[in-house]
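S.K.: Here you go, one structure.
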Amino acid sequence: MTSEPALPGLRYHHPPAGPPEDAEADVVVYGATSGGVTAAVRAARGGLSVVLLAFGDHVGGMTTGGLGTTDVGDARTVGGLARAFYDDVATAYGAPAPHWDVEAHVGEQIFERWLAEAGVTVHRRRHLASVERDGERITELRTDDGSGYRAKVYVDASYEGDLLAAAGVTYALGRESSAVYDEPAAGVQHSVNHQFQLPVDPYLVPGDPASGLLPGITPDAYGEVGDGDQRIQAYNFRLHVSTGPDRLPFPRPAGYDPDRYELLRRYVEAGGYELFGRTTLVHGDVHDMNNHGAFSSDHIGANHDWPEGDYARREEIFQDHVRYQAGLLHFLATDPRLPAAVRHSTNRFGLAPGEFTDSSHWPAQLYIREARRMVSGYVITQHDATGAARAADPVALASYVMDSHNAKRVLVDGQPRNEGNVQQPLAAPFGVSYQALVPRAGECSNLLVASAISASHIAFASARMEPVFMMLGEAAGVAAALSITDKVACQDVEYTALRRDLELGGAILTQPAAH
């Protein structure tokens, strides 16, 4: 596997720009995801000095990284800065508020304006290298360019939970077994959706198992339903594609290998083709293209090293995902072995020319659906999603279905089968406990977590949606201010004060009435 760019200008890790620096602030937020932006903005609006460290050149994470069709769930649960963001999107489009679908450049303009107006200092291309601690407190965050950042409170808003891991906070990886938290939907699961519906030969030489498996299939066992493992649900890129006359042809990535898609070719030959079933209109002629079907943009099984990988390893995985997904589209658009109808259907779309202009019109943000998850004093589980458990100290409501993508592709009775997809509705919106945002008492007293929160794999599958991350980021910003003002550990922030300040900002913490 190579880390050379598959498309010009498109990288995970960009070299730092400018000399190293030493800075001090009330709050340092690591990770300029949507939750990182709201954490920084809310803390700054509270009168604190705030530094936001962006891993790359852009802010907003997936909200400005191609995820244009927002996974809302119950819209009545979205409040505070999250609701304000989608109201601002509506203003930008001259449309009724809120407007849940957003082009990347529009979302980034809103976030950049918020940060500037709040007086947040943003530093880009800042990559965590180490953390210094004094007892239970982080005293300095150092980045790989030699810079150092000192703060009273830190917020980990990275999708990966890199800061919490560096600070020695307990976390989980992969899928717990169903026995850990008594969760029926945990661990290995039968995939009904996004599954092979037609027989297809899986071997390099058709009919010859000794020839080996086609690319994309592993020789691993399927496992028993409920078994735990270290696998991670699949990642992909959420592309902005266009049907406009100025759309750009899907590029041929460096290292393109059409044989990588032989399983898909055979599936199409058998009558299966679903790739654009989840290409949904965002605005004008711009669409959000997401995974759909048995063989699509999810690069199943290729991301398991990402959460714990160093930056070099993540760059390899990132480029492999670009190469896979760009190659897939180039294959579908051009390969003469495919039916003309498939090539025509693919070529109705192309990359949107007005988006991601500094990275070959391809998002620089890989969709990290899940990585590390903190384990704290309250672990959100399937019991929260079913209503059997209820947090006494909610700081946001999650309302989207438990949506976990496939984690592996294996053989079952000589046929390829995807494993791991879960799309299970909630009994009702559930509250995300404040305790799920702070480490266990005694682990780290001045750290808040806005994305890699304390949740089981299957419960995180609901809570991981971008509007929820924005609300959790806002809660972290409010909690940081209270921690500093009251001179208490983040774990000891008074919930009644936290709830008061959140609700004054428009947060919705009471479950809406049933429809």
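The values are calculated or read from the model by the stated rules, or taken from the named source; none is laboratory data. What you see is a predicted model; the values in this text were computed from it and never measured. FYI the Cβ positions are ideal-geometry reconstructions off the backbone, even for glycines, and counts take in every protein chain you see. Ligands, DNA and RNA are stripped out before the accessible areas are found, and what is left, the full protein with its side chains, is counted by its heavy atoms. Shrake-Rupley method; radii C 1.70, N 1.55, O 1.52, S 1.80 Å.
S.K.: Beta carbons within 10 angstrom, averaged per residue: use that to sort the peptides 183-193, 202-212, 322-332, highest first. Could the numbers behind the result be given before it?
M.R.: Values: 183-193: 19.0, 202-212: 12.4, 322-332: 23.4.
Peptide ranking by packing, descending: 322-332, 183-193, 202-212.
S.K.: Something else now. Put a dot 7 Å past each Cα toward the Cβ at His344 and His190; how far apart are the dots in nm?
M.R.: About 3.9 nm, to one decimal.
S.K.: Dipole of segment 361-515, Cα-centred, from +1 at each Lys and Arg C-beta and -1 at each Asp and Glu C-beta, to the nearest 20 debye? Please report the intermediate quantities before stating the final value.
M.R.: Numbers: 12 positive and 14 negative charges, 79 e Å.
Once rounded to the nearest 20, the dipole reads 380 debye.
S.K.: For segment 51-158, taking Cα atoms only, what is the radius of gyration to one decimal and the Dmax to the nearest whole Å?
M.R.: When restricted to Cα atoms, segment 51-158 yields Rg and Dmax of 16.6, 52 Å.
S.K.: Is there a quick way to get the dipole size of the chain? I mean about its Cα centre, with the Cβ of Lys and Arg at +1 and of Asp and Glu at -1; what is the value in debye to the nearest 20?
M.R.: 540 debye
S.K.: So what are the radius of gyration and Dmax for the Cα set of segment 333-453, in Å?
M.R.: Final numbers for Rg and Dmax: 21.2, 63 Å.
S.K.: Could you state the per residue volume, in Å³, of the convex hull enclosing the Cα atoms of segment 223-272? Walk me through the intermediate numbers first.
M.R.: Working: hull volume 10.1 nm³, N = 50.
Taking the convex hull of the Cα positions in segment 223-272, it is 203 Å³ per residue.
S.K.: Related question: Where does segment 128-189 land on Rg/Rh, using Cα atoms and the Kirkwood Rh? Walk me through the intermediate numbers first.
M.R.: Details: Rg = 16.0 Å, Rh = 13.8 Å.
Answer for segment 128-189: 1.16.
S.K.: Further question: Calculate, axis by axis, the spread of Cα positions in segment 6-61 along the three principal axes, and write the results as whole Å, longest axis first.
M.R.: Cα extents, longest axis first: 43, 26, 11 Å.
S.K.: Sticking with this one: Which FRET efficiency value, to the nearest 0.05, do you get for Arg150 and Ala441 by plugging their Cβ-Cβ distance into 1/(1 + (r/R0)^6) with R0 = 22 Å?
M.R.: Working: r = 23 Å, r/R0 = 1.06.
Computed FRET efficiency for Arg150 and Ala441: 0.40.
S.K.: Taking the highest mean first, how do the peptides 444-452, 372-380 order by number of other beta carbon atoms within 10 angstrom per residue? Please list the in-between numbers first.
M.R.: Working: 444-452: 28.1, 372-380: 23.6.
Per-residue Cβ counts within 10 Å, averaged per peptide and sorted highest first, yield 444-452, 372-380.
S.K.: Rounded to a whole number, what % of the accessible area of the chain do carbon and sulfur atoms account for, probe 1.4 Å? Don't jump to the answer; show the numbers that get you there.
M.R.: Values: 9190 of 18040 Å².
Ligands and nucleic acids excluded, carbon and sulfur reach 51 percent.
S.K.: Taking +1 at the Cβ of each Lys and Arg and -1 at the Cβ of each Asp and Glu, which of Ala166, Ala97, Thr139 sits farthest along the dipole of segment 76-176 towards its positive end, judged by Cα position relative to the Cα centre?
M.R.: Final value for the positive-end residue is Thr139.
S.K.: Separate question: Determine, from the Cβ-Cβ distance of Lys487 and Glu21 and an R0 of 30 Å, the FRET efficiency 1/(1 + (r/R0)^6), rounded to the nearest 0.05. Don't jump to the answer; show the numbers that get you there.
M.R.: Details: r = 28 Å, r/R0 = 0.93.
It comes to 0.60.
S.K.: Work out Dmax and Rg for segment 267-328 from the C-alpha atoms and quote the Rg first, both in angstrom.
M.R.: Cα only, segment 267-328: 14.5, 41 Å (Rg, Dmax).
S.K.: Which of Val286, Met471, Val180 sits closest to the plus end of the dipole of the chain, meaning its Cα is farthest towards the positive end, when Lys and Arg get +1 and Asp and Glu get -1 on the C-beta?
M.R.: Selected residue: Val286.
S.K.: Past the 25 angstrom mark, what percentage of all C-alpha to C-alpha distances in segment 140-287 do you count? Display every interim value, and only then the final one.
M.R.: Details: 6577 of 10878 pairs.
Result for the distance tail: 60 percent.
S.K.: Okay, next question. Whole number in Å², please: accessible area per residue of the chain, 1.4 Å probe, ligands, DNA and RNA not counted.
M.R.: On the way: 18040 Å² over 515 residues.
Dividing the accessible area of the chain by its residue count gives 35 Å².
S.K.: Right, another one. Which value, to two decimals, describes the C-alpha radius of gyration of segment 71-129 once divided by 2.2 N^0.38 Å?
M.R.: Scaled against compact globular proteins, the figure is 1.31.
S.K.: Another question about this same structure. Assuming a ≥ b ≥ c are the square roots of the Cα gyration tensor eigenvalues, decide whether segment 168-252 counts as rounded (a/c under 1.5), prolate (otherwise, with a/b larger than b/c) or oblate.
M.R.: On the way: a/c = 2.27, a/b = 1.26, b/c = 1.81.
Judged from the Cα gyration tensor, segment 168-252 comes out oblate (a/c at least 1.5, b/c at or above a/b).
S.K.: How far apart, in nm, are the 7 Å Cα→Cβ label points at Ala392 and Arg337?
M.R.: 6.3 nm
S.K.: Over all directions, what mean area does the Cα convex hull of segment 159-205 project, stated in square nanometres?
M.R.: Taking a quarter of the hull surface, the average projection is 6.6 nm².
S.K.: Please give the contour-minus-distance gain from Leu198 to His105: 0.36 nm per residue of separation, less the Cα-Cα distance, rounded to one decimal in nm. Please report the intermediate quantities before stating the final value.
M.R.: Details: separation 93, 0.36 × 93 = 33.48 nm, distance 3.98 nm.
29.5 nm is the gain from fully extending Leu198 to His105.
S.K.: Segment 311-359: D in µm²/s via Stokes-Einstein (Kirkwood Rh, Cα pairs, 25 °C, 0.890 mPa s)?
M.R.: Details: Rh = 12.5 Å.
Calculated translational D: 196 µm²/s.
S.K.: Ok, one more. Give me the one-decimal Kirkwood hydrodynamic radius in Å for segment 267-371, with the sum taken over alpha-carbon pairs. Intermediate values should be presented prior to the final figure.
M.R.: Working: mean 1/r = 0.0653 Å⁻¹.
Here the Kirkwood hydrodynamic radius works out to 15.3 Å.
S.K.: In the calculated pair distance distribution of the chain, what percentage of Cα-Cα distances lie above 37 Å?
M.R.: Distances greater than 37 Å cover 26 percent of the Cα pairs.
S.K.: Calculate the FRET efficiency for Tyr93 and Leu248 from the Cβ-Cβ distance with a Förster distance of 25 Å, rounded to the nearest 0.05.
M.R.: Working: r = 23 Å, r/R0 = 0.93.
Step by step, r from the Cβ atoms, then E = 0.60.
S.K.: Oh, and also: Which value, in Å to one decimal place, does the Kirkwood hydrodynamic radius take for segment 365-420 when every pair of different Cα atoms is included?
M.R.: On the way: mean 1/r = 0.0680 Å⁻¹.
By the Kirkwood definition, the hydrodynamic radius is 14.7 Å.
S.K.: According to a simple spin-label model (label point 7 Å from Cα along Cα-to-Cβ), what is the distance in nm between Val225 and Asp413?
M.R.: About 1.5 nm, to one decimal.
S.K.: Rounded, prolate or oblate: which one fits segment 370-515, using the alpha carbon gyration tensor with axes a ≥ b ≥ c (rounded when a/c is under 1.5, else prolate when a/b beats b/c, else oblate)?
M.R.: Details: a/c = 2.72, a/b = 1.76, b/c = 1.54.
In terms of gyration-tensor shape, prolate.
S.K.: So for each of 307-315, 338-346 I average, over its residues, the number of other beta carbons within 10 Å; can you give me the resulting order with the highest mean first? Numbers along the way, then the final one.
M.R.: On the way: 307-315: 16.0, 338-346: 14.3.
With the highest mean Cβ count within 10 Å placed first, the list reads 307-315, 338-346.
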